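*Asks:* Here's a structure for you.
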Amino acid sequence: ILNVEQSPQSLHVQEGDSTNFTCSFPSSNFYALHWYRWETAKSPEALFVMTLNGDEKKKGRISATLNTKEGYSYLYIKGSQPEDSATYLCAFMGNFNKFYFGSGTKLNVKP
Amino acid sequence: NAGVTQTPKFRVLKTGQSMTLLCAQDMNHEYMYWYRQDPGMGLRLIHYSVGEGTTAKGEVPDGYNVSRLKKQNFLLGLESAAPSQTSVYFCASRATSGSYREQYFGPGTRLTVT
């Protein structure tokens with residue numbers, strides 16, 4: 001069974017704080033690393049898809065980096081806002097287009 | 001353009017009963033996936049399909065069967081439901097070609113087996 005780990009499991013920050021999470025995955029048979037944002041009572045929505053070692057992606061205040069050689073990705077949120085409160089999932093895409101999800105980091109941003 | 005839809009939204013079954021969950025997508029995507037989501041365990045892949053008429057096992061396939069007779073539909077069947085299959089089930093679809101394509105998720109089906 002392929003292991004994808006996310007840390008921390010949960011995070012409580014104040015509005016305006018910057019924060020980051022980690023996703024660890026196997027460094028072999030790597031095809032892509034996806035980040036999804038999952039708000040309560042909604043479906044997961046894609047934030048980033050990264051495929052190359054050294055990839056950096058940015059969308060507004062959220063950015064992500066990828067290191068496929070050591071098997072990790074970081075997600076950064078700059079100046080957290082209450083609307084950033086959600087669970088952030090990473091998913092490793094391996095052979096045969098199969099996806100393996102981490103258990104997520106639940107972020108709560110207090111106003 | 002509805003994206004990915006799932007039917008039903010909620011269902012309660014008794015142990016041993018059978019049911020079929022329907023996933024439909026209108027984006028002409030080749031790939032479709034069924035996941036289950038349990039507390040503290042993230043999303044786990046049950047079965048998936050890389051095209052009409054094809055299916056393959058995921059991480060936790062036991063107790064489930066699937067069919068993809070039409071490109072836009074992916075059905076998940078439980079032949080004899082067990083309490084361990086109480087979960088929230090998500091369907092997702094993805095365009096073909098390129099590992100850079102993201103998944104689009106349906107709204108989920110909450111299933112309780114008593």
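The values are calculated or read from the model by the stated rules, or taken from the named source; none is laboratory data. Bear in mind that the values here come from a model prediction, so they are computed numbers and not experimental data. Virtual Cβ from ideal backbone geometry, glycine too; neighbours counted across all protein chains shown.
*Asks:* Of all residues in region A:40-74 being acidic (Asp, Glu) and within 12 Å of chain B (Cβ to nearest Cβ), which is nearest to A:LEU11 (Cα to Cα)?
*Replies:* A:GLU45
*Asks:* Oh, and also: Pairs needed: first member in region A:1-14, more than 13 Å from every other protein chain (Cβ to nearest Cβ); second member anywhere, in a loop (DSSP other than H, G, I, E, B) and surrounded by 10 or more Cβ atoms within 10 Å (Cβ to Cβ); C-beta distance under 6 Å; at least 6 residues apart or different chains.
*Replies:* The qualifying pairs are A:VAL13/A:SER80.
*Asks:* Another question, if that's okay. Which of the residues that make up region B:30-48 are over 16 Å from A:MET93 (Cβ atoms) and among the small types (Gly, Ala, Ser)?
*Replies:* Within region B:30-48, just B:GLY40 meets the criteria.
*Asks:* Moving on to the next point. If you go through region B:70-88, how many residues are closer than 20 Å to B:THR54 by Cβ and in a strand (DSSP E or B)? I'd like the intermediate steps shown before the answer.
*Replies:* Taking region B:70-88 first, the residues closer than 20 Å to B:THR54 by Cβ are B:70-77.
Filter once more, so that each one left must be in a strand (DSSP E or B): B:73-77.
Selection size over region B:70-88: 5.
*Asks:* Of the residues that make up region A:28-35, is at least one surrounded by 19 or more Cβ atoms within 10 Å (Cβ to Cβ), without any contact (Cβ under 8 Å) to a residue 60 or more places away in the chain and outside any strand (DSSP E or B)?
*Replies:* no
*Asks:* OK, next. Grab the strands (runs of 3 or more DSSP E) fully contained in region B:10-55, keeping just those with 2 or more residues being surrounded by fewer than 18 Cβ atoms within 10 Å (Cβ to Cβ) and out of contact with any helix residue (DSSP H, G or I) (no Cβ under 9 Å at 6 or more places or on another chain).
*Replies:* B:10-13, B:19-25
*Asks:* Filter region A:83-99 down to residues that are modelled with pLDDT of 95 or more and farther than 13 Å from A:PRO44 by Cβ and give me whichever is nearest to the other protein chains (Cβ to nearest Cβ).
*Replies:* A:PHE92
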